[in-house]
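Q: Structure below; questions to follow.
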Amino acid sequence: MRAIGQFFKNIMLNKAMLFFVLPGALWFLFFSYLPMFGTIIAFKEYRFSRDGFLASIIDSKWVGLDNFKFLFSTNDAYIITRNTVLYNFAFIVLGLILSVALAIVLSEIVNKRLAKVYQTGMFLPYFLSWVIVGYFAFSFLSMDKGVLNQILGWFGMEPIQWYSEAKYWPYILTLISLWKSIGYNSVIYLASITGIDKSLYEAAMIDGANKWQQIKSITIPMLKPLMTILTLLAIGRIFYADFGLFYQVPRDSGTLYSVTNVIDTYVYRGLKTTGEIGMSTAAGLYQSVVGFALVMTSNYIVRKYDKENALF
């Protein structure tokens, strides 16, 4: 009874802070935790019933792991897994390096008004939808009137059928993904850089350190905890692909599936053609479980070598 009384006493003492947390807590409850009960569909042959969603789940036939077998027994299983992991690995590594570099460059610009203009220009692509980005890419890559083919024509070179040549798309997709996300990520690192104590740089200047030495000895070490946390969170989503990037930008071209087909687009096409909701749920559960395992493993490794920079 004493513990219960102390619990309610703590709630009353912190009611103001708990009130601020309440909207976020409710959002997670309704949109993250309650939907977890729907993962049972991954183990059922889901069929819609007129009696409602819950009745549909209860009445659907239990099939165990058949949905997972169907998902990964096809010839495309290796391709979609390989593409998803390798693309995300490239996005994580290159995004980290370029975002930190861009943030450092912006922080070193003396004219802060000009720096804000650059920052706004690089942040803008993050707000564009993938549909708009897809049409933007098409204006460059179109066979007839694309900007790149016109440039190639000026140099006497033959135009390239970009939407039929798979070998170019790993580079195109990586470039577009970085172009869209690097501005947002750099702002996060830039905010951390502005919080670094300026006296550290002043002391380094007195000791004769140049800009590069200051960045190497002060800026990057101070950014290390944030870099570690964001990388760990990104690793947790390494089996998730940005659906818009891999579906809208290549314009769902069948000749590019070998390098653009990922787990998310594969599940979408399978759901659209077969209507198997159980398979799509199995794919989502698989991605979540593997992502959770990767976060726990990565966090354990980081905690083993640098406990202060681990998530928990």
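The values are calculated or read from the model by the stated rules, or taken from the named source; none is laboratory data. Quick caveat: nothing in here was measured; it's all calculated off a predicted structure. Cβ placement follows ideal geometry from the backbone for every residue including glycine, while neighbour counts extend to all protein chains displayed. Areas reflect the complete protein model, heavy atoms only, side chains present, ligands, DNA and RNA absent. Shrake-Rupley method; radii C 1.70, N 1.55, O 1.52, S 1.80 Å.
Q: As a test of the formula, what do you get for the chain when each DSSP H run with n ≥ 4 contributes -39,500 (n - 2.57) and the sum is divided by the residue count, at 222 nm and rounded to the nearest 500 deg cm²/dmol? Present the calculation step by step, with values, prior to reporting the outcome.
A: Values: 16 runs with 209 residues, N = 312.
Computed ellipticity for the chain at 222 nm equals -21500 deg cm²/dmol.
Q: Something else: Of the listed pairs K69/K304; K167/K272; K9/K224; K112/K145; K116/K211; K180/K304, which have alpha-carbon separations greater than 30 Å here? Walk me through the numbers on the way to the answer.
A: Numbers: K69/K304 36 Å; K167/K272 27 Å; K9/K224 39 Å; K112/K145 40 Å; K116/K211 21 Å; K180/K304 34 Å.
Exceeds cut-off: K69/K304; K9/K224; K112/K145; K180/K304.
Q: Let me ask something additional. By Kyte-Doolittle mean hydropathy of at least 1.6 and Cα axial length of at least 18 Å, which whole DSSP H helices of the chain are selected?
A: On the way: long enough: 15-28 (19 Å, 1.62); 77-108 (46 Å, 1.68); 169-194 (37 Å, 0.92); 220-235 (21 Å, 1.85); 277-305 (42 Å, 0.73).
What comes out of the filter, once short or polar helices are dropped, is 15-28, 77-108, 220-235.
Q: Per residue, what accessible area does the chain have, given a 1.4 Å probe and all protein chains present, in Å²? Can you show the working numbers first?
A: On the way: 19860 Å² over 312 residues.
About 64 Å² of surface per residue is accessible.
Q: Quick one: which residues, 5+ away or cross-chain, put their amide H under 5 Å from the amide H of K44? H built at 1.01 Å from N.
A: V63
Q: Select from Y305, F48, M122 the residue farthest towards the positive end of the dipole of the chain; place +1 on Cβ of Lys and Arg, -1 on Cβ of Asp and Glu, and compute about the Cα centre.
A: With unit charges placed on the Cβ atoms, the residue in question is Y305.
Q: While we're looking at this one, here's another question. Between T74 and L226, what's the calculated FRET efficiency when r is the beta-carbon distance and R0 is 35 Å? Round to 0.05. Write down the numbers at each step before the final one.
A: Numbers: r = 40 Å, r/R0 = 1.15.
In this case the efficiency is close to 0.30.
Q: Between L294 and Q6, what FRET efficiency comes out of the Förster formula 1/(1 + (r/R0)^6) with R0 = 41 Å and r the beta carbon distance, rounded to 0.05? All intermediate terms of the calculation are to be shown ahead of the outcome.
A: On the way: r = 38 Å, r/R0 = 0.93.
Result of the calculation: an efficiency of 0.60.
Q: So if I place +1 on the C-beta of Lys and Arg and -1 on the C-beta of Asp and Glu, and nothing else carries charge, what would the dipole magnitude of the chain be about its Cα centre? I want it in debye, nearest 20. Show your work: numbers first, answer last.
A: On the way: 26 positive and 18 negative charges, 156 e Å.
Dipole size: approximately 740 debye.
Q: Name the most mobile residue of W62, W212, W179, meaning the one with the largest mean-square fluctuation, in a Gaussian network model of the chain with Cα contacts below 10 Å.
A: Evaluated over the chain, the most mobile residue of the options is W212.
Q: Shifting gears a bit: Rounded to a whole number, what % of the accessible area of the chain do carbon and sulfur atoms account for, probe 1.4 Å?
A: On the way: 13640 of 19860 Å².
Here it works out to 69 percent.
Q: Which of the aspartates and glutamates could a cross-linker span from K198 if the Cα-Cα distance has to be under 20 Å and same-chain partners fewer than 8 positions apart are dropped?
A: Of all the aspartates and glutamates, those that pass the test against K198 - Cα under 20 Å, at least 8 places apart if same chain - are E108, D207.
Q: Okay, next question. What percent does the relative contact order of the chain come to when contacts are Cα pairs within less than 8 Å and at least six residues apart? Write down the numbers at each step before the final one.
A: Working: 299 pairs, mean separation 78.7, N = 312.
Reported as a whole number, the value is 25 percent.
Q: In addition: Ranked from highest to lowest mean number of other Cβ atoms within 10 Å per residue, what is the order of the peptides 251-257, 172-178? Could the numbers behind the result be given before it?
A: Values: 251-257: 15.4, 172-178: 18.4.
Peptide ranking by packing, descending: 172-178, 251-257.
Q: With the alpha-carbon atoms as the only input, what is the per residue convex hull volume for the chain in Å³?
A: Cα convex hull per residue, to the nearest whole number: 241 Å³.
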